[in-house]
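> Can you read through this structure? Questions will come right after.
None of the figures in this text is laboratory data; all of them are computed from the coordinates on show. Because the structure is predicted, anything quoted here is derived from the model rather than measured. A quick note on method: Cβ atoms are made from the backbone with ideal geometry, for glycine too, and the neighbour counts reach across all protein chains shown.
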Amino acid sequence: MKILVEKDYEAVSKKAGEIFKEEISKKPDIVLGLATGSTPIGMYKELIKAHKEEGLDFSKVKTFNLDEYIGLSKDNPNSYGYFMDTELFNHINIDKKNTHVPNGKAENIEEYCKKYDEFIAEAGGVDIQVLGIGENGHIAFNEPEEALSVGTNIVKLTESTIEVNSRFFDSMEEVPKTAITMGIGTILKAKKIVLLASGEKKAPIIKELLNSNKITTKLPASFLLLHPDVTIIVDEKAYKG
Ligand SMILES: N[C@@H]1[C@@H](O)[C@H](O)[C@@H](COP(=O)(O)O)O[C@@H]1O
């Protein structure tokens, strides 16, 4: 695991943007694994800037998102589908047909989860995956549990995640309690992984992750220790190691 410590959120976003830009330039039909949450927004801004100012081309790029709330459709401003459109896809020359965010309104969600993994595999697998990290160590929506799913699956969100994510909703009651998420195995299949963290709220979990030499389902991000190509980019506030 490689760790890069940058001055602040802006620098984290720039660094992550540079890594993604380089990969997209090297392989125009790249498959990107994308994340939501506030952390990757700065990196998406960098990519939009690179598209507008340097002509970074997304016309052949395919994307797969990590997760989505169950019950929210793409036109709901709190859905991750809506987030991706407004924060990235609407501002670059990507073919929307090539973008995939799990469908929180799928009729048979279990069946849909299996298909999502097959679909990623058919596209050739994720070349580079960006991840955030929850304050409780979750990646995507893989919450600390006795056991974690390997493939894309349905999860019950923990009270702490519901509380943290309630900042985007009018009330706690409105936060969906279940979600679709890529499984830990799905995430680990990505050829390259970049995890971003910013701000002091993330410092305890980043410290735990960096000091951990064990994998445990109680710290879902610890499974990244098994991957051969993970870069963690943090700002000084998130790094107190
Ligand atoms: N499902 C998402 C995760 O993919 C994300 O990493 C996490 C952290 O979000 P933030 O970047 O806003 O701290 O929040 C959500 O729960």
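> List the residues, sorted by chain then number, that are 5 or more residues from residue 100 or on another chain and whose placed amide H is less than 5 Å from its amide H.
HN-HN under 5 Å from residue 100: 63, 64, 65.
> Oh, and also: Just need the Rg to Rh number for the stretch 17-94, please, alpha carbons only, Kirkwood Rh. Can you show the working numbers first?
Values: Rg = 12.5 Å, Rh = 12.9 Å.
Result: Rg/Rh = 0.97.
> Rounded to the nearest 20 debye, what is the charge dipole size of the stretch 2-238 about its Cα centre when +1 sits on each Lys and Arg Cβ and -1 on each Asp and Glu Cβ?
560 debye
> Ignoring the sites themselves, what is the longest stretch of the chain with no GluC sites (Glu not before Pro) in a DSSP loop and at most 10 other beta-carbon atoms within 10 Å?
Working: sites that count: 107, 146.
Answer from the scan: 1-106.
> While we're here: What percent antiparallel are the DSSP beta bridges of the chain, to the nearest 5? Kindly include the intermediate steps, with their values, before the conclusion.
On the way: 9 of 31 bridges.
Bridges in the chain that DSSP calls antiparallel: roughly 30 percent.
> A further question on this structure: How high is the FRET efficiency between residue 75 and residue 114 when r is their beta carbon distance and R₀ equals 25 Å, given to the nearest 0.05? If you can, show how the numbers build up before the last one.
Values: r = 26 Å, r/R0 = 1.03.
About 0.45, to the nearest 0.05.
> Rounded to two decimals, what is the ratio between the C-alpha radius of gyration of the chain and 2.2 N^0.38 Å?
Working: Rg = 16.6 Å, N = 241, 2.2 N^0.38 = 17.7 Å.
Here the answer is 0.94, to two decimals.
> Kindly write out, for the stretch 171-188 in residue order, the coupling ³J(HN,Hα) from the Karplus curve 6.51 cos²θ - 1.76 cosθ + 1.60 (θ = phi - 60°), rounded to whole Hz, with x marking Gly and Pro.
Each residue of the stretch 171-188 in turn: 8, 4, 4, 7, 6, x, 9, 10, 8, 9, 9, 4, x, 4, x, 4, 5, 5 Hz.
> How high is the relative contact order of the chain? Use alpha-carbon pairs under 8 Å, at least six apart in sequence, and give a whole percent. Let's see the in-between values first.
On the way: 485 pairs, mean separation 62.8, N = 241.
Dividing the mean separation by the residue count of the chain yields 26 percent.
> With a 10 Å cut-off between alpha carbons and a GNM built on the chain, which of 11, 190, 121 moves the most?
Maximum among the listed residues: 121.
> Which one of 25, 171, 212 has the biggest mean-square fluctuation once the chain is modelled by GNM with Cα springs under 10 Å?
171
> Based on Cα coordinates alone, diagonalise the gyration tensor for the stretch 110-187, multiply each eigenvalue by 5, take square roots, and list the semi-axes in whole Å, largest first.
Numbers: eigenvalues 118, 35, 30 Å².
Semi-axes (√(5λ), whole Å): 24, 13, 12.
> Any idea how far apart residue 54 and residue 26 come out in nm if each label point goes 7 Å out from Cα toward Cβ?
With each label point 7 Å from Cα toward Cβ, the separation is 1.4 nm.
> Can you tell which of 99, 152, 86 shows the greatest fluctuation in a Gaussian network model of the chain with Cα springs below 10 Å?
Ranking 99, 152, 86 by mean-square fluctuation puts 86 first.
> Continuing with this model, one more query. Length gain on complete extension for the stretch residue 160 to residue 211, per 0.36 nm per residue less the alpha carbon to alpha carbon distance? Write down the numbers at each step before the final one.
On the way: separation 51, 0.36 × 51 = 18.36 nm, distance 2.28 nm.
Roughly 16.1 nm would be gained on extension.
> Let me ask you something else. So what's the back-of-envelope 222 nm ellipticity for the chain, counting only DSSP H runs of four-plus at -39500 (n - 2.57) apiece and dividing by all residues, rounded to 500? List each step's numbers first, then the result.
Numbers: 7 runs with 75 residues, N = 241.
Value at 222 nm, helices only, nearest 500: -9500 deg cm²/dmol.
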